[in-house]
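Novice: Before I ask anything, let me first share the structure, which is written out below as structure tokens.
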Amino acid sequence: MCGIVGYIGKKQAMPILLDGLKKLEYRGYDSSGVAIFDKTTKTFKSVGKIKELEKKIGNKNVTGSIGIAHTRWATHGKPSKANAHPHSDCTGKFQVVHNGIIENYAELKEKLKKKGHKFCSQTDTEVIPHLIEDLYKGDLAKTLKEVLHIIKGAYGLVVFSEKEPKKLFVARCGSPLVIGVGEGETVIASDVSAILQYTKKVVYLEDGEMAEITMEGYRVFDASSNLVQKNIEDVKWDIEEVSKKGFEHFMLKEIFEQPKSLKDTFGGRISIEDGRAKLGGLNEVSDRLRDIERIIIVACGTAWHAGLIGEYMLEEYAGIPVEVEWASEFRYRNPILDKKTAVIAISQSGETADTLAGIREAKNKGALILGVVNSVGSTIARETDAGIYNHIGPEVSVASTKAFTSQVAILALMTVFLGRQRRMSLVMGQRILSELKELPKRVEEFLQDNNVEEIAKRYYKVKDFAFLGRKYCQPLASEGALKLKEISYIHAEGFPSGEMKHGSIALIDKKFPSFFIAPKDSVKDLKKLLMK
């Protein structure tokens, strides 16, 4: 949930760093900080919103064309000025901002303390600048490489030193970092949205890579210190797409973007005449997909719920056995996989660490790896054998909305694609695709005419909520509960309707409302049949 921004160039760094932090506010944070160099390093930190950091800076004349900045979400240590990034060493000569977790920080901290190092925070990050100080012998690039071999865990980090004041160093392992390549300047960030105002040309770092950035440009090295030639990619979406466009907040904006996002998801992919889904991203593996005997979907959170809906569709209409796995648990199993298995990774960002670890495990065992990803050029998009992009533009809100419906839509298209390779008839393919084509219009109609606000006013004070549904609506119930918890902090649970009576109903009373998802579908018809 943390955010990183770095700058080196000819302009004043402070406005660019603060603007970048504001672009990353949607990720959630509890404190922020910035370090600027101009003959000496000036550091400012604050708890709370970025406006509190701006108050700390005030009218001080803070100049300098190189700097780093960070928004922190507390993990190791409470939200405090001392725990906010950037973190430094005993001398104050080395500055570090870091996303991720250093798993062996406790033992490293004890060793450094015995050598006389004084720590000022409760964070795991602070061991990094102290390690750099301890090992530095005049070459920061070489020192950082040594440090990266010592620390264990996940990191996206940017390092600056007064000892080599015309350079920034960045490194990645399990936490994304992007280098924005501008005219005479370089902007570094953990998310491309913080870069777009300055350049659309970006370089994505891979795990294990480190980059040295100067006024003249950048050099990227792999874990063995070999120089790596990186492709500069063009970001296709515009800075306007990460603005609220008059909406009160990003989540509401993205809810109302769903008619367009669904239309964009389906764009060029529906061929009603021959009842087929045209998925160009799967063309190269189309023959192999004909022989697939089993599908495993790996995902986290909202994407996992989309996968559960996909499971129903793929089994019912394509006739392929499907399992949906929490990516966070899949990585710890010893799954039975082979060349007849396809693993579908679903991730809006394309950077979900657990999902990425899961597909790497599956790839090692010979499975076909497919991706359903929104972020072009993301790690999962690059590491899968084939895949399908959502093409819905950036989703800024932490709570996914348009990405969820797009993911379900893509799984529906994939169902038709695979089903038509197998037992699905032309007529059934045409029927499904015709309904999908109408979906953006139906969503638009609902958004224009609903009583959501009236329901919210009636129930916003409750402390518990149950969501219930059957078949396709059971994952929807779980997703509804997740959204209520995530956004309103109201305790909510999603249940299969038929399981409610097996214990959970004991919790229900007048203060514990239940929300049933009960469309006119096959389950409703079955209920009528059973009641006769």
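Read-outs throughout are calculated quantities, based only on the coordinates presented, and are distinct from any laboratory measurement. Here the structure is a predicted model, which means the values were calculated and not measured. Glycine also receives a Cβ, built like all others from the backbone with ideal geometry; neighbour counts cover every protein chain displayed.
Novice: Through the Karplus equation 6.51 cos²θ - 1.76 cosθ + 1.60, θ set to phi - 60°, convert the phi angles of segment 109-121 into ³J(HN,Hα) values in whole Hz; use x for Gly and Pro.
Specialist: 4, 5, 5, 5, 4, 5, 8, x, 6, 9, 9, 10, 10
Novice: Loop-only check: which trypsin sites (Lys or Arg not before Pro) in segment 58-126 are DSSP coil with at most 15 other Cβ within 10 angstrom?
Specialist: Here the sparse-neighbourhood loop sites are 60, 81, 115, 118.
Novice: A further question on this structure: Is any residue of segment 263-306 close enough, with backbone N under 15 Å, to a label point placed 7 angstrom from the Cα of residue 323 along the Cα-Cβ axis, and if so, which?
Specialist: It comes to 293-299, nothing else.
Novice: Among the listed pairs 78/511; 22/142; 10/118; 81/118; 81/463; 78/253, which are separated by more than 26 Å between their Cα atoms?
Specialist: 78/511; 22/142; 10/118; 81/463; 78/253
Novice: Now for a different question. Which net charge results when you count Lys and Arg as +1 and Asp and Glu as -1 among the other residues whose beta-carbon is under 10 Å from that of residue 234?
Specialist: Taking every other residue near residue 234 into account, the sum is +2.
Novice: Cα centroid distance between segment 6-24 and segment 293-372, in Å?
Specialist: About 38 Å separates the Cα centre of segment 6-24 from the one of segment 293-372.
Novice: Among the aspartates and glutamates, which have Cα under 15 Å from the Cα of residue 56 when same-chain residues fewer than 8 positions away are ignored?
Specialist: The qualifying aspartates and glutamates are none; the list is empty.
Novice: Output the peptides 140-146, 231-237 sorted from most to least packed, where packing is the average of other Cβ atoms within 10 Å over each peptide's residues.
Specialist: The peptides rank, most packed first, as 140-146, 231-237.
Novice: Can I ask one more? Could you tell me what fraction of 2.2 N^0.38 Å the Cα radius of gyration of segment 250-448 comes to, as a two-decimal ratio?
Specialist: Normalised Cα radius of gyration, segment 250-448: 0.97.
Novice: What do you get for Rg/Rh of segment 422-532 when both radii come from the Cα atoms and Rh is the Kirkwood radius?
Specialist: Here the Rg-to-Rh quotient is 1.04.
Novice: Then there is this: How large is the direction-averaged shadow of the alpha-carbon convex hull of the chain, in nm²?
Specialist: Over all viewing directions, the chain projects a mean Cα-hull area of 27.9 nm².
Novice: Which whole-number percent is the relative contact order of the chain (Cα, under 8 Å, 6+ apart)?
Specialist: Across the chain, relative contact order equals 11 percent.
Novice: What does the helix-only formula give at 222 nm for the chain: each DSSP H stretch with n ≥ 4 adding -39500 (n - 2.57), the total divided by the residues, and the result rounded to the nearest 500 deg cm²/dmol?
Specialist: So the helix-based figure for the chain works out to -10000 deg cm²/dmol.
Novice: Which pairs in the list 115/163; 201/278; 402/441 are over 19 Å apart, alpha-carbon to alpha-carbon?
Specialist: Flagged as over cut-off: 115/163; 201/278.
Novice: Okay, next question. Calculate one ³J(HN,Hα) per residue across segment 147-163 by plugging θ = phi - 60° into the Karplus curve 6.51 cos²θ - 1.76 cosθ + 1.60, and present them in order as whole Hz with x for glycine and proline.
Specialist: For segment 147-163, the Karplus curve yields 4, 5, 7, 8, 6, 10, x, 10, 7, x, 9, 10, 10, 9, 9, 5, 6 Hz.
Novice: Right, something else. Please list log₁₀ I(q)/I(0) at q = 0.20, 0.27 Å⁻¹ for segment 373-427, using the Debye equation with identical point scatterers on the alpha-carbon positions.
Specialist: With one equal scatterer per Cα and no solvent, log10 I(q)/I(0) is -0.81, -1.09.
Novice: Continuing with this model, one more query. Order these peptides, 358-364, 269-275, 372-378, by their mean beta-carbon neighbour count within 10 angstrom, highest first.
Specialist: Ranked by mean Cβ neighbours within 10 Å, highest first: 372-378, 358-364, 269-275.
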